[in-house]
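Read through the structure below, which is laid out as structure tokens, and then see the notes.
The values are calculated or read from the model by the stated rules, or taken from the named source; none is laboratory data. The model shown is predicted, which means the values in this text are computed figures rather than measured ones. Note that each Cβ is placed from the backbone with ideal geometry, even for glycine, and that neighbours are counted across all protein chains shown. These accessible areas exclude ligands, DNA and RNA; they are computed on the full protein's heavy atoms, side chains included. Shrake-Rupley method; radii C 1.70, N 1.55, O 1.52, S 1.80 Å.
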Amino acid sequence: MEIVAFADPAEFAEAAFPYLERREAEHNLLLGITARLIDGGTGGWATSAESPGFWIVRKGAEIAGAALMTPPYDLAVSHALSGTSTALASFLHAVGQVVPGVTGPRGEADEFAAAWQPLVGCSAELWRKERIYRLTEVLPPAGVDGSARLAVAQDISLLTDWLNAFAEFTGEPGDGEAAATDAIARSRAFLWVDGEPVSLAAWGRMTLTGASVGPVYTPPENRGRGYASAATAALSAQLLASGRAFCCLYTDLDNPTSNRIYQRIGYRPVVDVNHYRFTLPH
């Protein structure tokens, strides 16, 4: 197998998108992040002095898989032929690439983690088991008090607090104020309002025909009343009405409540995802 590295997201997109878009919902992370980088935005992600990296793996004339990493975030790998993740791990180790973790379809992430550990002498923790869901028709929840509205400039403080809380809850780095500013500027965030704002749903990435929903956040004191379901349904309906063919989102498989509520409003499973974090011995 041959590994081809790219520094320019546009060059990576030209080479990899025809492959990645065959499984558009499954590859929403790689597709959406690359598109945002081409546009020059970060969406409020944490940033690092280290430049992003992009790779495709070829087997003969065909693409066997693809990957990207935007430090300080973990490596994201695509659906791939067996052996692709092992070849990628060997290549990244040979060029001295630091990889703090890996996320991707379960088999591909498992293969990379198994190959990476003996190469660098680290241990791999299965940090989160996730599932990607896809929706093409919204089933609005009934009996939820309140209504949805677009977040506006006056909501910046609230969004900042909620997005910081979401980042802390998920354990992912992020800048709540930058993310809130970007979400409002790009009309990405919807609030569910029941007297006052009680829940948030936003979209984060666009792909060729779809949109990735997230983050979705409800403060603890407002949970259990259907607000997150209603906010997500309203946002999803708006995205479909705007011309998107589908919406997709990630759920934590250890949170049965979120998996249940998203299926009730029309989201259907696409693929299971494993997210590993690597730790070097002390």
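For ARG223 paired with ALA114, estimate the spin-label separation in nm (one decimal), with each label point 7 Å from Cα along the Cα-to-Cβ line.
Taking the simple label geometry, ARG223 and ALA114 are separated by 3.5 nm.
In percent, what relative contact order does the chain have, based on Cα pairs under 8 Å that are 6 or more apart in sequence?
On the way: 573 pairs, mean separation 67.9, N = 282.
Over the chain, the number comes to 24 percent.
Please list, in chain and number order, the residues 5+ apart from ASP175 or on another chain whose amide H is under 5 Å from its amide H, with Hs placed from the backbone.
Correct list: ALA46.
From the protein chains alone at 1.4 Å, what is the descending order of accessible area for TYR262, TYR250, largest first?
Working: TYR262 20, TYR250 65 Å².
Reading off the accessible areas and sorting them downward yields TYR250, TYR262.
Shape call for the range 1-132 from the C-alpha gyration tensor, a ≥ b ≥ c root eigenvalues: rounded (a/c under 1.5), prolate (a/b greater than b/c) or oblate? Display every interim value, and only then the final one.
Working: a/c = 1.34, a/b = 1.15, b/c = 1.17.
Because its axes are fairly even, with a/c under 1.5, the range 1-132 counts as rounded.
Provide the net charge surrounding VAL193, with neighbours chosen by a C-beta distance below 11 Å and charges set as Lys +1, Arg +1, Asp -1, Glu -1.
Cβ neighbours under 11 Å give a net charge of -3.
For LEU280, project a label point 7 Å along Cα to C-beta. Then give me every residue of the range 85-113 with its amide nitrogen under 20 Å of that point.
Residues 89-103, 113 qualify, since their backbone N sits under 20 Å from the label point.
Please give the calculated 222 nm ellipticity per residue for the chain, where each DSSP H segment of at least 4 residues contributes -39500 (n - 2.57) and the sum is spread over every residue; nearest 500 deg cm²/dmol? Provide the component values of the computation, followed by the final result.
On the way: 8 runs with 99 residues, N = 282.
Using -39500 (n - 2.57) per qualifying helix, the result is -11000 deg cm²/dmol.
Pull up all non-local amide H partners of VAL271: gap of 5 or more, or a different chain, and H-to-H distance under 5 Å with H placed in the peptide plane.
For VAL271, the qualifying residues are ILE132.
Once phi is turned into θ = phi - 60°, what whole-Hz ³J(HN,Hα) does the Karplus curve with 6.51, -1.76 and 1.60 give for every residue of the range 195-208, x standing for Gly and Pro?
Each residue of the range 195-208 in turn: x, 9, x, 10, 7, 10, 9, 9, 9, x, 9, 9, 10, 3 Hz.
Of all the accessible heavy-atom surface of the chain, with the other protein chains kept in place and a 1.4 Å probe, what percent is carbon and sulfur?
Details: 6530 of 12660 Å².
Answer for the chain: carbon and sulfur cover 52 percent of the accessible area.
Under 5 Å between amide hydrogens, which residues at least 5 positions from ALA151 or on another chain qualify, with H placed 1.01 Å from N in the peptide plane?
ALA189, PHE190, LEU191
Rounded, prolate or oblate for the range 105-261? Axes are the square roots of the Cα gyration tensor eigenvalues, ordered a ≥ b ≥ c, and the cut-off for rounded is a/c under 1.5. Please list the in-between numbers first.
Numbers: a/c = 1.83, a/b = 1.60, b/c = 1.14.
The shape class here is prolate.
How many angstrom separate the Cα center of the range 216-240 from the Cα center of the range 87-136?
31 Å
What shape does the range 190-282 take by its C-alpha gyration tensor, where a ≥ b ≥ c are the square roots of the eigenvalues and a/c under 1.5 counts as rounded, a/b above b/c as prolate, and the rest as oblate? Walk me through the numbers before you get to the answer.
Details: a/c = 1.88, a/b = 1.24, b/c = 1.52.
Note, shape of the range 190-282 comes out oblate.
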